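Before any comments, here is the structure.
The values are calculated or read from the model by the stated rules, or taken from the named source; none is laboratory data. These numbers come from a predicted model, not from an experiment. Cβ placement follows ideal geometry from the backbone for every residue including glycine, while neighbour counts extend to all protein chains displayed. Remember, those area values only see protein heavy atoms, side chains included, never the ligands or the DNA or RNA. Shrake-Rupley method; radii C 1.70, N 1.55, O 1.52, S 1.80 Å.
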Amino acid sequence: MASLLCKVTVTGEPSCKSDSGIAGQYEFGVHLKRTVNPSALADAEKSEIACRVLDCFHSRIGIDVLDDFVIAVTLPNGQEITDDDTPGAALVGAVSYYT
């Protein structure tokens, strides 16, 4: 099984005290069902990776006021990817949060 190290970058200014310290970078290991070239991923594959990474991020990092922040997911090659609600490509096996 191949894997990727993706980053989630959170920028913005919190409007409530409980969100202080949220801004920063977070790393996630994405375990794939097959070997891929990150530069040659299809849009559906990128969307699935972004979706699964963001799901893991939000399950681990609580944010009270999401509108205060911009949250971006990047592949190891630095390419920013987004969850565009494309049906899953059945590529991602699991996502792990690295503390």
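Odds and ends about this structure:
- Straight-distance crosslink candidates among lysines, where the alpha carbon sits under 25 Å from residue 17 and sequence neighbours closer than 8 are dropped: 7
- Prolate/oblate/rounded call for region 1-44, Cα gyration tensor, a/c under 1.5 rounded: prolate
- The stretch between residue 40 and residue 15 holds 5.1 nm of extra length on full extension. This uses 0.36 nm per residue minus the Cα-Cα distance.
- Largest first, the three principal axis extents of the alpha carbons in the chain are 42, 25, 21 Å in whole numbers.
- For the chain, with all protein chains in place and a probe radius of 1.4 Å, 47% of the accessible heavy-atom surface sits on carbon or sulfur.
- Full extension of the chain between residue 33 and residue 2 yields a length gain of 10.5 nm, computed as 0.36 nm times the residue separation minus the alpha carbon distance.
- With θ taken as phi - 60° and the Karplus curve 6.51 cos²θ - 1.76 cosθ + 1.60 applied, the whole-hertz 3J(HN,Hα) list for region 77-83 is 7, x, 6, 7, 10, 10, 8 Hz, x standing for glycine and proline.
- Computed magnitude of the charge dipole of region 2-98 (debye, nearest 20; Cβ of K, R +1, Cβ of D, E -1): 500
- Choice from 62, 29, 21 showing the highest fluctuation, given a GNM over the chain with Cα pairs closer than 10 Å: 21
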